[in-house]
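S.K.: Sharing a structure, written as structure tokens. Questions coming.
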Amino acid sequence: MFYLTLIYSLVVILLSYSFKKKRLFSNYTGDRHQLFSNKKNIPLVGGIFLLVPIILINYQNLTYNILVILVFLIGFFSDQKILISPKKRFLFQVTLIFFSVILLDLEIVSSRLTLFDNLLQNSTFNIIFTSFCLLILINGSNFIDGLNGLLLFYMTFIILILLKVDLLYEFKINQNLIVYLIAFMSIMILLNLSNFLMLGDAGAYVLSFLVGYLIIKCHYSNPYVSPYFFITLIWYPCFENLFSIIRKLKKKFSPFTPDNNHLHQLFLQFSLKKKIIKNKLAANNFSSIVISLCNFLIIFISSLNPYSSTYQIKLIIFSTLLYLLLYLFLKKNLSKKQL
């Protein structure tokens with residue numbers, strides 16, 4: 001399997017170079033929310049390359065494989081401007097995730113709050129709530145995929161921590177496949193940082209769907225682990241999504257409207273404005289790495305005591321306050337008007 005992973009990685013590198021040279025599956029459309037990052041044609045092929053290893057993670061489960069492919073197709077059609085309407089795309093997401101929760105038997109079993117746990121015992125409520133959580137993660141992950149490597153770094157950290165805490169052992173999954181996936185994602189990070197490829201909606205959707213699937217299954221199989229530990233693992237994309245919806249509604253904009261006011265975008269603009277790094281690609285990578293290191297520290301600290309809800313809740317509050325303070329600082333120091 002090691003040699004297959006190596007060969008596949010080499011094929012991905014060669015294809016990425018070829019796609020970029022021939023301007024195939026180009027990312028740049030000239031949309032306003034893209035202008036802050038780059039004006040280059042970079043292949044949106046990360047999702048295509050990730051599809052194979054993500055399917056192989058659980059290749060014996062036909063239902064899982066079909067659903068992963070359908071999730072990928074929603075993102076792929078979005079990337080290729082076939083599925084243009086954000087509302088229609090969201091409707092497809094809601095429908096598919098709802099059936100995914102049912103067919104894959106995904107269930108959030110505990111919040112360690114008696115009243116809410118009583119509600120979770122109702123199957124209909126549980127399906128709706130689990131679907132909601134998965135949708136928040138998927139769309140939040142797509143939001144943070146605005147800097148090179150940011151989403152890939154984050155999801156790699158989560159999978160590493162799940163391995164570190166030994167929460168994947170009950171899965172009917174070869175642990176080596178997880179290790180090979182992490183190795184492949186590391187190569188994808190290098191390609192992403194070098195502007196040879198981008199994940200696109202397809203990549204963000206399938207990668208976050210996989211991580212959401214693993215986390216919910218880990219939660220179900222390890223009831224002694226605090227549910228807030230799993231929330232800490234995914235706090236950043238989920239909070240980014242919820243915060244984005246709130247600030248857009250506050251300004252009377254549609255939550256489906258893309259903008260340049262996400263934390264990572266502000267951080268990049270601040271780096272360029274203050275001339276911390278003048279080169280746009282270097283500033284992009286610098287911003288991504290700084291944010292990723294902060295997220296890694298939070299996720300790693302959460303793994304030191306995954307059983308205590310009090311510990312995890314304090315960490316979630318700290319992370320949220322840190323995000324808000326940094327966001328306010330960046331907004332205050334950026335004079336350019338944004339949406």
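S.K.: I need a count of the residues in segment 43-96 that are at pLDDT below 90 and of a type in the set (Val, Ile, Thr).
M.R.: Qualifying residue count, segment 43-96: 2.
S.K.: List the helices (runs of 4 or more DSSP H) inside segment 156-235, counting only whole elements, that have at least 1 residues being surrounded by fewer than 21 Cβ atoms within 10 Å (Cβ to Cβ) and free of Cβ contacts under 8 Å to residues at least 60 places away in the same chain.
M.R.: By residue number, 175-193, 200-221.
S.K.: For ILE245, are the conditions met, namely being assigned to a helix (DSSP H, G or I), among the β-branched types (Val, Ile, Thr) and touching a Pro at 6+ places or on another chain (Cβ under 7 Å)?
M.R.: Yes: the conditions hold for ILE245.
S.K.: While we're here: Restricting the first residue to segment 243-264 and requiring it to be aliphatic (A, V, I, L, M), which pairs with a second residue that is modelled with pLDDT of 85 or more meet a Cβ separation below 7 Å and a spacing of at least six or different chains?
M.R.: If the second residue must be modelled with pLDDT of 85 or more, the pairs left are LEU263/GLU240; LEU263/TYR323; LEU263/LEU326; LEU263/TYR327.
S.K.: Pairs only if they're at least six apart or on different chains, beta carbon under 7 angstrom, first in segment 301-314 and free of Cβ contacts under 8 Å to residues at least 24 places away in the same chain, second among the acidic types (Asp, Glu); list them, first residue then second.
M.R.: No pair meets every condition.
S.K.: OK, next. In segment 283-293, which residue that is of a type outside the set (Val, Ile, Thr) and touching a helix residue (DSSP H, G or I) at 6+ places or on another chain (Cβ under 8 Å) is surrounded by the fewest Cβ atoms within 10 Å (Cβ to Cβ)?
M.R.: PHE286
S.K.: Follow-up. Looking at segment 294-334 only, could you name the residues that are more than 19 Å from ASP166 (Cα to Cα) and loosely packed, with under 12 Cβ neighbours inside 10 Å?
M.R.: Once the filter is applied, which keeps residues that are more than 19 Å from ASP166 (Cα to Cα) and loosely packed, with under 12 Cβ neighbours inside 10 Å, segment 294-334 yields THR310, ILE317, LEU321, LEU325, LEU328, LYS332.
S.K.: Does SER226 satisfy being of a type in the set (Ser, Thr, Tyr) and modelled with pLDDT of 95 or more?
M.R.: When the stated conditions are applied, SER226 passes them.
The values are calculated or read from the model by the stated rules, or taken from the named source; none is laboratory data. Quick caveat: nothing in here was measured; it's all calculated off a predicted structure. Note that we place each Cβ from the backbone using ideal geometry, even for glycine, and neighbour counts take in every protein chain shown.
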